[in-house]
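Heads up, the thing below is written out as structure tokens.
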């Protein structure tokens, strides 16, 4: 897991506080953590790119799905098919794809705006798939023009 937004908490007593920082999965093939899972804090092998990405994500004010897509593009070199693993379900089973063309295009632009060469990422090979389903005109024009 990686945090995707800055959070500040004041610890002014000896009492325990629960905090829920904005976070995204940094290892796409792993199962969703449960209450029995524990985490340790350590540096990611993708630390340099993640350090560039986080301020751009914070500035972009995008959905959790778009944040997740951007993180997986960095940590797992995810392509469009890989991003489809994240699903939303109304009743806890089945569901539909959470990261569609719009979220993917936003993530591509955010990664690029962070100064990371998006053309060297697997997602770039799926540029046409993303363009085919993209409705946002400004994002479409940007993605078409990006070489």
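Throughout, read-outs are computed from the coordinates displayed, never taken from laboratory work. Fair warning: this is a prediction, and the values are worked out from it, not measured in the lab. So basically every Cβ, Gly included, is an ideal-geometry build from the backbone, and we count neighbours across all protein chains shown.
Details
- Counting the residues of segment 117-129 that are under 16 Å from the mean Cα position of the chain (by Cα) and assigned to a helix (DSSP H, G or I) gives 4.
- Residue list for segment 86-117, restricted to those being closer than 19 Å to residue 32 by Cβ and either in contact with a strand residue (DSSP E or B) (Cβ under 9 Å, 6 or more places away or on another chain) or buried (at least 18 other Cβ atoms within 10 Å of the Cβ) (or both): 86, 87, 88, 89, 94, 95, 96, 97, 98, 99, 103
- Verdict on residue 130 being buried (at least 21 other Cβ atoms within 10 Å of the Cβ) and more than 23 Å from residue 5 (Cβ to Cβ): yes
- Residue in segment 54-71 that is surrounded by the most Cβ atoms within 10 Å (Cβ to Cβ), counting only those that are in contact with a helix residue (DSSP H, G or I) (Cβ under 6 Å, 6 or more places away or on another chain) and part of a helix (DSSP H, G or I): 70
- Residue check for residue 90: more than 24 Å from residue 8 (Cα to Cα), part of a loop (DSSP other than H, G, I, E, B) and out of contact with any helix residue (DSSP H, G or I) (no Cβ under 8 Å at 6 or more places or on another chain): yes
- Matching option when the condition is in a loop (DSSP other than H, G, I, E, B), out of contact with any helix residue (DSSP H, G or I) (no Cβ under 6 Å at 6 or more places or on another chain) and without any contact (Cβ under 8 Å) to a residue 40 or more places away in the chain, among 18, 27: 18
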